[in-house]
Structures are given as structure tokens and as C-alpha cells.
Amino acid sequence: MKLIRDQVDVLLGGFSVLSEEWHEVQTSLTNLPKGILSEEDNSKLTDLEQLFQQQLQEYGFSSLNSSDIKISSNSYFPEYEGFDLQFDLSASDYIRIFWAYLLGLLEVSRTHQTNHLGLLVLDEPRQQSAREASIRAFLSRASRSREYDQQVIIATSESRAVLEQYLGDIPHTYRRFDGRIISPIS
């Protein structure tokens, strides 16, 4: 009888350890995100979407209502009614989307922990003849990066006179290169 009681005590003692492990597993499960994304990830996407839509309005985006363009929680890219924006947008509106998305990612890194380097490099951002008001709004917003120890570098072949017209009183650093910046080594 004592032998059976000892065996039962050993088995019950094992249940105590299993019960503690079960409790730890249940606690871990309740701490998992409720969806695919964590609350912080959802906050980043919400902020990116707001910054993106705000910039589209500032830049004069007109192909669609900017508040109808969302950032996908699956692809993290702009979409309209569940579809990516590869359809019939004007070329100048497409470049506005490009500006707003890239600058939005940079701006999100100001308020959230991200892997963004704090650096944005653009080549000829005025493609497709964006209106002067649009490019000025973009340059003004990009210039705020210096307040956050970030950097936006823009390479362009625009003339100095045109650049001065766009930049006006927007804080910036101008570096001029004669000839090509990148060329074959002789």
C-alpha cells in the first residue's frame, strides 16, 4: 500500500510541474499579438497612412481622393480599394505618391523605432513635370529632416536658377558638381 501511495505522490508531483509549465505557456499565448501585426506595427502603419495622405494633399494629388488611398497591412504599400496603384494615374500624381510614400517612411522613423537609416536619396524627383507648387511642398517637407538628424539627398540636373526658384527660403545645403558626378575612371 505504501508503495502505491509513493507512486501516486510522485505522479501528482509531476502534475504540479506540468501545471506550472502550462500556466507559463498560457501566459505567453495571451501576450502574442491578436493579429499578424503587433499594436506597435499597427500604430506605425496608421501613422504612415496619415503622413502619406497628408502629403498627397500638400503636393496637389488629384487623380483620386487622397483619403481613399490606404497603406496595406499585407504589403505595406499604398493601395486603392484593395488594389495597388499601378493603374491609370497621371504621371505627375504617380511621382507625388512616390514622394509621399518614401518621405512618409522617413517621417515614421521619427516617432517609432524602425530600421530606417534616416537617409533618403532621390534622383531627379521632379520627373514628369510636377508643378512648381508640388515640388516646393515636397522640398519644404524634406528639408525638415535636418531637425531630426536625418538627411535627404536629391540629385538633379535642374539649372541653378530653377533650383533657386524652387528652394527660395527653404533651408537646404546646395552642392554643385561640374560634369557628371559618377564617371569612368581614366
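The values are calculated or read from the model by the stated rules, or taken from the named source; none is laboratory data. Since the structure is predicted, the reported quantities are computational estimates derived from the model, not experimental observations. Note: ideal-geometry Cβ built from the backbone for every residue, glycine included; neighbour counts use all protein chains shown.
See the values below:
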quantity: Top-ranked residue in region 149-167 [being at pLDDT 90 or above and closer than 22 Å to Leu56 by Cα; ranked as surrounded by the most Cβ atoms within 10 Å (Cβ to Cβ)]; calculated: Val152
quantity: Residue match in region 29-41 (condition: of a type in the set (Val, Ile, Thr), more than 20 Å from Tyr101 (Cα to Cα) and in a helix (DSSP H, G or I)); calculated: yes
quantity: Residues that are out of contact with any Asp or Glu (no Cβ under 6 Å at 6 or more places or on another chain), under 19 Å from Tyr80 (Cβ atoms) and hydrophobic (A, V, I, L, M, F, W, C), drawn from region 32-64; calculated: Leu45, Leu48, Phe52, Leu56, Leu64
quantity: Criterion: modelled with pLDDT under 95 and out of contact with any Lys or Arg (no Cβ under 9 Å at 6 or more places or on another chain) - qualifying residue of Gln54, Gln86, Gln50; calculated: Gln86
quantity: Region 31-50, residues that are crowded, with 17+ Cβ neighbours inside 10 Å and of a type in the set (D, E, K, R); calculated: Lys44, Asp47, Glu49
quantity: Pair list, Cβ < 6 Å and 6+ apart or interchain, from region 27-51 residues that are among the hydrophobic types (A, V, I, L, M, F, W, C) to residues that are part of a helix (DSSP H, G or I); calculated: Leu48/Gly104; Leu48/Val108; Leu51/Gly104; Leu51/Glu107
quantity: Region 168-186, subset in contact with a Leu (Cβ under 8 Å, 6 or more places away or on another chain) and either surrounded by 11 or more Cβ atoms within 10 Å (Cβ to Cβ) or aliphatic (A, V, I, L, M) (or both), residue nearest to Ser145 (Cα to Cα); calculated: His172
quantity: Residues of region 61-110 classified as closer than 17 Å to Lys44 by Cβ, aromatic (Phe, Trp, Tyr) and buried (at least 16 other Cβ atoms within 10 Å of the Cβ), total; calculated: 1
quantity: Among the residues listed as Leu45, Leu18, the single one being part of a helix (DSSP H, G or I), among the aliphatic types (A, V, I, L, M) and at pLDDT below 80; calculated: Leu18
quantity: Where Gln53 falls short, out of the listed (1) of a type in the set (S, T, N, Q); (2) touching a strand residue (DSSP E or B) at 6+ places or on another chain (Cβ under 6 Å); (3) buried (at least 16 other Cβ atoms within 10 Å of the Cβ); calculated: (2)
